[in-house]
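What follows is a short report on a single structure.
The values are calculated or read from the model by the stated rules, or taken from the named source; none is laboratory data. No experiment lies behind these values; they were computed from the predicted model shown. Cβ placement follows ideal geometry from the backbone for every residue including glycine, while neighbour counts extend to all protein chains displayed.
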Amino acid sequence: MPSFTEDFVKSNGGPIKYNGMELIRLDRIPVQKKFSGTLKLISKNSDWRQAIHLKVKKGKLIINSQEAKFFITWADDLRDHNNTLHFEGVAKDLQLLVYNAWEQLGASSTDSWICGAAMILEVNGNTRRYRCNDGYPDDNFDDIIFEITIDD
């Protein structure tokens with residue numbers, strides 16, 4: 001069973017190759033200083049609770065009239081909003097950071113970036129699709145699939 005941690009350490013957190021695919025753990029989406037977009041859940045296929053982590057280092061995000069530097073959005077919560085969530089932000093460093101997270105059954109903490117965690121990124125115009133593998137060391141990349149579209 002694959003664990004990508006060692007490969008990501010060797011690449012200093014950059015992309016790695018696995019079975020002919022490029023894998024990432026973190027995406028840095030270039031954005032304007034003021035930006036907006038949509039997060040859309042495509043599917044979830046895991047016994048673990050799955051989430052999407054959105055973050056700006058220097059600035060703020062606004063979701064449902066709440067402001068923060070980061071939001072963890074759970075797949076279950078997105079289903080309550082027709083699988084779609086609108087967000088706005090200000091990013092002084094012109095980047096929106098994106099990665100997947102999860103909570104194992106019976107666990108009381110949220111994890112990311114460990115063991116089997118990796119994402120396949122597909123870019124189509126201003127829409128980015130993420131096919132994600134959580135911390136369970138397999139390589140199916142369907143634990144959570146979501147899209148982020150940055151408005152023009």
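Observations on the model:
- When Ser43 is tested against the conditions (1) closer than 28 Å to Asp139 by Cβ; (2) among the hydroxyl-bearing types (Ser, Thr, Tyr); (3) in contact with a His (Cβ under 7 Å, 6 or more places away or on another chain), the lone failure is (3).
- Which numbered condition Asn64 misses (of (1) touching a residue at least 40 places away in the same chain (Cβ under 8 Å); (2) farther than 22 Å from Ala117 by Cβ): (1)
- Hey, Ser36 under 17 Å from the mean Cα position of the chain (by Cα), farther than 21 Å from Gly89 by Cβ, surrounded by fewer than 17 Cβ atoms within 10 Å (Cβ to Cβ) and among the polar types (S, T, N, Q) or not: no
- One residue stands out in region 1-14 among those that are surrounded by fewer than 13 Cβ atoms within 10 Å (Cβ to Cβ) and of a type outside the set (A, V, I, L, M): the one that is nearest to Asp138 (Cα to Cα), namely Glu6.
- Selection count, region 67-109, where residues are within 24 Å of Gly14 (Cβ to Cβ), touching a residue at least 40 places away in the same chain (Cβ under 8 Å) and either aromatic (Phe, Trp, Tyr) or surrounded by fewer than 19 Cβ atoms within 10 Å (Cβ to Cβ) (or both): 6
- Any hit, region 74-85, residues being under 20 Å from Gly125 (Cα atoms) and small (Gly, Ala, Ser): no
- Residues within region 125-146 that are surrounded by 17 or more Cβ atoms within 10 Å (Cβ to Cβ) and in a strand (DSSP E or B), tallied: 9
- For Glu122: the one exception among (1) over 19 Å from Asn19 (Cα atoms); (2) among the charged types (D, E, K, R); (3) not in a loop (DSSP other than H, G, I, E, B): (1)
- Every residue from region 85-116 that is closer than 12 Å to Ile52 by Cβ and either at pLDDT below 85 or outside any loop (DSSP other than H, G, I, E, B) (or both): Leu85, Phe87, Leu96, Leu97, Val98, Tyr99, Asn100, Ala101, Trp102
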